[in-house]
1. Got at least one residue in region 54-76 being in a helix (DSSP H, G or I), of a type in the set (Phe, Trp, Tyr) and within 28 Å of Asp193 (Cβ to Cβ)?
2. Give Ser27, Ser65 a once-over and let me know the one that is buried (at least 19 other Cβ atoms within 10 Å of the Cβ) and among the small types (Gly, Ala, Ser).
3. Test of understanding: among Phe219, Phe249, which residue is surrounded by 18 or more Cβ atoms within 10 Å (Cβ to Cβ) and either out of contact with any His (no Cβ under 6 Å at 6 or more places or on another chain) or at pLDDT 95 or above (or both)?
4. Asp91 versus (1) surrounded by fewer than 18 Cβ atoms within 10 Å (Cβ to Cβ); (2) of a type outside the set (S, T, N, Q); (3) at pLDDT below 95: which is the lone unmet condition?
5. So, in region 253-286, how many residues would count as being within 20 Å of Ala12 (Cβ to Cβ) and surrounded by 14 or more Cβ atoms within 10 Å (Cβ to Cβ)?
6. Could you list, in sequence order, all residues of region 95-145 that are buried (at least 16 other Cβ atoms within 10 Å of the Cβ) and at positive phi?
7. Is there any pair with a first residue in region 282-293 that is in contact (Cβ under 8 Å) with a residue 40 or more places away in the chain and over 15 Å from Ser255 (Cα atoms) and a second that is among the basic types (Lys, Arg) and surrounded by 13 or more Cβ atoms within 10 Å (Cβ to Cβ) whose Cβ atoms are under 8 Å apart and which are 6 or more apart or on different chains, and what are they?
8. Scan region 211-247 for residues that are within 23 Å of Val139 (Cα to Cα) and without any contact (Cβ under 8 Å) to a residue 40 or more places away in the chain and report the count.
Amino acid sequence: MMKKRLTGTGVAIVTPFRNDRSIDFPSLGKLIDHIVEGRVNYVVVLGTTGESVTLSKDEKKAVVSFVLESVNGRIPVVIGIGGNNTQDVVDAISHFDCEGVSALLSVAPYYNKPSQNGIYMHYKAIVQVSPVPVILYNVPGRTGSNIAAETTVKLARDFRNIIAVKEASGNFSQIMQILKEKPDDFLVISGDDALTLPMISLGASGAISVIANAYPKEFSDIVNHALRNNFPEAAALQYKLLGMMSALFEEGSPSGIKAVLEILKIAQNHVRLPLVPVSEKHYRKLQGLVKALAE
């Protein structure tokens, strides 16, 4: 049942900040309502897009608590808990109140560059303490290491509580190998907005999206059409959003999506260092794209 509920569109939600870079909870509530009303399938809190690495432990707990209260059971909530110190991740999961949380999204260990066996053992330690299902997160462009297809499939077969992988490698040979060899009920989730449509055509189950912070209904329509094999309709919608999908990442994420959320008057355009806002030139470009989509 949980795997079915995590099919479709998930949203990697941003963490809005005020001018002083404290968490802007009213804007977070506004964003959640905007996303839920866009008929997405679930939200992901404390991911890369949520700038989780710059939040304190107390802030993380406060954000999760607020999101759970604001969502109020309308859709599942997935939380991100990961890192490159396996014992710290295990301890964080062990001490985190997962009441009301549907699953954990745990990024592959970064910087250390572990072997494939090291990655396997890292996730084995996580799944043994997690009270909820676990989603692997492979994003080599950020972590500096790749979860090989063989490792993903072995984890999926060995641990029933590992229910999915968020694949953001952009490597279609690897993605197809996972889709070919995975257990039937294991979910492969796109981690790249622009690649979601072709990934679904190969057998992926949906996406965890950045652009859906701003355009939840529009992106959900793409995913839903694709899941129903209505690929001409999905492609037509994809091409409308394609320029925005690319522009959001030109000067880093979540800087791009936060600028768009400000243009749409949903949240302010503030990030925490070492991230910085997009340039004035790029902000104007995003304004033009928002205007074009509105027309």
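1. Within region 54-76, one or more residues are in a helix (DSSP H, G or I), of a type in the set (Phe, Trp, Tyr) and within 28 Å of Asp193 (Cβ to Cβ).
2. Every option except Ser27 fails the conditions.
3. Phe219
4. (3)
5. Counting residues in region 253-286 that are within 20 Å of Ala12 (Cβ to Cβ) and surrounded by 14 or more Cβ atoms within 10 Å (Cβ to Cβ) gives 22.
6. Gly100 - this is the single residue of region 95-145 that is buried (at least 16 other Cβ atoms within 10 Å of the Cβ) and at positive phi.
7. That search, which allows pairs on different chains as well, returns Leu293/Lys240.
8. Residues that pass the stated criteria total 1.
The values are calculated or read from the model by the stated rules, or taken from the named source; none is laboratory data. All of these numbers come straight from a predicted model, not from anything done at the bench. Note that we place each Cβ from the backbone using ideal geometry, even for glycine, and neighbour counts take in every protein chain shown.
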